[in-house]
Amino acid sequence: MTVKKSGRAPAKTPPKKPIHLKSKDKSAKVETPSKPKAAPPPAARPVPTPAPKAAAPKPAAQPPARPAPLPPAIKVKKTNGAVKVGVVGCAGRMGQMLLKMLINAAGIVVVGGTERRGSPALGQDLGALAGAEPLGISVSDDPSVLFDAADVVVDFTNPTATVQHAQMAAKAGCGLVIGTTGFDSDQLAALHRAAQRAPIVLASNMSLGVNLLQQVVEEVARILDPDWDIEIIEMHHKHKVDAPSGTALSLGEAAARGRGQSLRRLARRVRDGQVGPRVKGEIGFATLRGGDVVGDHTVIFAAEGERVEITHRAASREIFARGALKSVLWAAGKRPGLYSMRDVLGFSVQAPQGSTPNGSTPPGA
Ligand code: NAD
């Protein structure tokens, strides 16, 4: 279920004030935001005084003129239908990959990007950060400007930051595409609340292959009787901080749904020491970490005398970025609600009452 890489379009040139983006939407007119916090006035540049013709004491050497600060986000007045997109966590592994893809995508204008306070990426040009030509927009640590300027914001950060971003999306009525994983039940509840006022796509895995795998696993679990033990193995790179992965848990949810149950009651997330024989019906997880593995997931259905294994291997983060791009275009202009990748991809099944779009059990369930 590996998905192959897509092509790239040419990058843009840096805009100046007022900014006319050289995007595929040629008519896109860009202006700096009217809010004072959105675009701090450029620092006064020192004006060099011409030296007098007559010999006079040499003027002290002028310090090199500092470039005027770039705006943290830009407001695009007319886009001819192009979606105005922002990226929070834009210097992260996924953030940079996304930025590059969004800059080159048709029908999209990148209007800003943010990073956490203290990030070395702050102040850098967004285009340069993505390895493309400068965009004339700097990486900022003020997401509120971005949520005002954008139609949709993409978020691959961490659960605490994502909950704050979801609240900002709700306030601004801005779409939000969330790829972050590792939410606890309180944080999931906060996302549900925010989704009452903004369209939010929440997907622990944005790849087409993994979402297809979820469908298949649900169906196989429905077909096989509970004598078939279900175990899920996942491996990720050594920097991943949450375990089991959000995708592994979503696959567990899919299997539990197939059996008409909730994962919360069946999950065996860790085994260590004298744990005794396997409990019939439980869904077990095993987590591996190492190297630069982008993401491998295997669901095993094991019975007496035979075993079915279904595997997905991600070879590149591009598959997630492509899914995020699809989600951005899909979410623009949608009504408030919490949506899943299956909604985006168009193979949504009727989820049992009480389950959430990304397969995680809703808070309080
Ligand atoms: P990363 O650590 O490389 O990137 C996260 C970025 O977010 C960092 O640059 C960090 O500085 C930034 N950040 C943290 N707090 C912030 C804040 N308050 N405001 C703005 N930026 C902030 O991690 P990554 O590998 O890119 O993964 C990010 C998240 O996405 C993880 O939860 C990961 O599990 C998840 N992920 C999901 C998918 C998917 O398909 N849904 C795919 C890959 C990764």
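Quick notes on this one:
- Extension gain for the segment VAL279 to GLU219, taken as residue separation times 0.36 nm less the Cα-Cα distance, is 19.4 nm to one decimal.
- Simple spin-label estimate for PHE347 and ILE310 in nanometres, 7 Å along Cα-Cβ: 0.9 nm
- LEU122-GLN164 pseudo-label distance in nm [points 7 Å out on the Cα-to-Cβ vector]: 1.1 nm
- With 26 Å as the limit, the listed pairs LYS100/LYS240; LYS171/LYS238; LYS84/LYS171; LYS238/LYS334 have LYS171/LYS238; LYS238/LYS334 beyond it between alpha carbons.
- 14 Å reach of a label modelled at ALA303, 7 Å along Cα-to-Cβ, counting backbone N of the stretch 204-246: 220-230
- Prolate/oblate/rounded call for the stretch 253-325, Cα gyration tensor, a/c under 1.5 rounded: prolate
- Inter-label distance for GLN196 and GLN261, nm, one decimal - labels placed 7 Å from Cα along Cα-to-Cβ: 3.3 nm
- Remark: the LEU212-VAL270 segment gains 18.3 nm on full extension, using 0.36 nm per residue and subtracting the alpha carbon distance.
None of the figures in this text is laboratory data; all of them are computed from the coordinates on show. The structure displayed is predicted, hence computed values, not measured ones. For neighbour counting, all protein chains shown are included, and Cβ atoms are generated from backbone atoms with ideal geometry for every residue, glycine included.
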